[in-house]
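The structure appears right after this line, and notes come after that.
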Amino acid sequence: MTTTAPHVNGRVVALAHYASRALLEDVLTRHGATFNQSVTLRVVAVAGGAVGRDALVADVIGSLKTDESVVHGVIAELTAAKLLEEDPAEASGIRLTDAGRALYESTATESAEIAARLYADIPAEDLAIAGRVLTLVTERANAELTEA
């Protein structure tokens, strides 16, 4: 299917975001996880499997643009589900459990497969340009949020 490429604007970005997020949500639902839980698990996994609570909260707030109380609630959900636990090696640390690591790895693998299909045959140069543009838009929006 060939489509006429519109200029990038908020609506185009939002449509791409929500369409791809719907695919991710299907993956997460099959695994009994939410989007916010997925984002939180990813932060811990990318940090090597353990991270300080304050750093985790700040990172998830930055990613989701949500309130601190929401993030603490997600951490509590993941802890109750035994996907995260207190890190005995660090007083305020949080770490993945084996179940949390398995959930993250399986959903990340399935998500990567979806992304591979979605981005297939898009020239690397186009992806690089889109990446630069969207990074700049994100930086500008974050700067405005900081000023607000």
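Inter-label distance, Ala80 to Glu25: 2.2 nm, where each label sits 7 Å from its Cα along the C-beta direction.
Which one is right for this structure if P(r) over Cα pairs in 10 Å bins from 0, in percent is calculated from it: (1) 10, 34, 33, 19, 4, 0; (2) 12, 38, 36, 11, 2, 0; (3) 11, 31, 26, 16, 10, 5, 1? So the calculated entry is the one marked (1). FRET efficiency for the Glu125 to Lys65 pair, using the beta carbon distance and R₀ = 30 Å, is estimated at 0.50. Calculated mean residue ellipticity at 222 nm for the chain: -23500 deg cm²/dmol, from DSSP H runs with n ≥ 4 weighted as -39500 (n - 2.57), summed, divided by the residue count and rounded to 500. Using C-alpha pairs below 8 Å separated by at least 6 residues, the relative contact order for the chain is 21 percent. Of the accessible area of the chain, computed with a 1.4 Å probe over protein heavy atoms only, carbon and sulfur atoms account for 57 percent.
Using the alpha-carbon atoms, what tilt in degrees (0 to 90, nearest 10) does helix 124-147 show relative to the longest principal axis of the chain? Around 60 degrees separate the two axes.
Scanning the chain for trypsin sites (Lys or Arg not before Pro) in DSSP loops with at most 15 other Cβ atoms within 10 Å, what's the longest stretch left with none?
83-148
Given a 1.4 Å probe and the protein chains as shown, Leu118 ends up with an accessible area of around 80 Å². The residues of the chain have, on average, 66 Å² of accessible surface per residue, using a 1.4 Å probe with all protein chains present. Toward the positive end of the charge dipole of the chain, with +1 on the Cβ of Lys and Arg and -1 on the Cβ of Asp and Glu, the farthest Cα among Ala33, Val43, Leu56 is that of Ala33.
The values are calculated or read from the model by the stated rules, or taken from the named source; none is laboratory data. Predicted, not measured: the structure shown is a model, and the values here were computed from it. A quick note on method: Cβ atoms are made from the backbone with ideal geometry, for glycine too, and the neighbour counts reach across all protein chains shown. Side chains are part of the model used for accessible areas, which takes the heavy atoms of the whole protein and leaves out ligands, DNA and RNA. Shrake-Rupley method; radii C 1.70, N 1.55, O 1.52, S 1.80 Å.
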